[in-house]
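The values are calculated or read from the model by the stated rules, or taken from the named source; none is laboratory data. Values in this document were obtained by computation on a predicted structure and should not be read as measured data. Cβ coordinates were reconstructed from backbone atoms using ideal geometry, including for glycine residues, and neighbour counts include every protein chain displayed.
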Amino acid sequence: MKNYSTLAEFIKDLKIHGFGEKRAKNLANKVKNIQTLRYHIELGTIDQILLDTPDIGGVTKNEAIKKLKDIETLLLMEELEQQGCKLFEDETYYELEDIIDPSKLKVSKEDVKMQKGKFEIIEDDQIKGKNFVITGTLSMTRDYFVSLIIGEGGNVSNSVSSKTDYLIASNVDGEETTKWKKAKAIGTKIIDEDDFWKMYRKSKGPKA
């Protein structure tokens, strides 16, 4: 399997109708890395990014969405990651507001924002030593939940594997993602955000 050196090269090789080198580079520059591309494909927000990408019109956008959301494309990304493709060395995930002017977003992040600091960090053996994967849009950014899990001694991975203890899946758009399907297939325990907070607060509960 080809070991891509740039994200633009990978996008061009997907052979999206109407996507030449220029458009591949424009999209690659927009999303910044392959982790962010996959993240927004799974979230279903890649269409907003494509609309805000230079030189991509409506017809081309629809062709790109169809190809990018194809399960074969997502499985190809997963296979490349497992084989150590250097495109996956950058594990940063960029949210929509990091990519698109917030005034252009269809849905404001404030609509789903939860008050930060609502739950106090507590010791919880349910999280300590456990391996988590996150999929879908939660009430705070992915990085926020990662910091909570790591702060309590847990681990967070980008891909579901036999070592994954819990997949935290959004009730909004966490089902039917590649991670969700793989977790279902191999029997990984899938929890929603409410389950996670119960786990997080279990030892003492939130303080008033």
Do we find a residue being over 13 Å from Ile11 (Cα atoms), under 13 Å from the mean Cα position of the chain (by Cα) and of a type in the set (Gly, Ala, Ser) anywhere in the range 38-45?
yes
Taking the residues in the range 163-201 that are in a helix (DSSP H, G or I) and among the small types (Gly, Ala, Ser) as candidates, determine which candidate is surrounded by the fewest Cβ atoms within 10 Å (Cβ to Cβ).
Ala185
Looking only at the range 44-73, and only at residues there that are aliphatic (A, V, I, L, M) and in contact with a Lys or Arg (Cβ under 7 Å, 6 or more places away or on another chain), the one that is surrounded by the fewest Cβ atoms within 10 Å (Cβ to Cβ)
Leu51
Going by what's in this entry, would Glu95 be described as surrounded by fewer than 14 Cβ atoms within 10 Å (Cβ to Cβ) and modelled with pLDDT under 85?
no
Taking the range 165-174 as the region of interest, how many residues are at pLDDT below 90 and either over 16 Å from the mean Cα position of the chain (by Cα) or charged (D, E, K, R) (or both)?
1
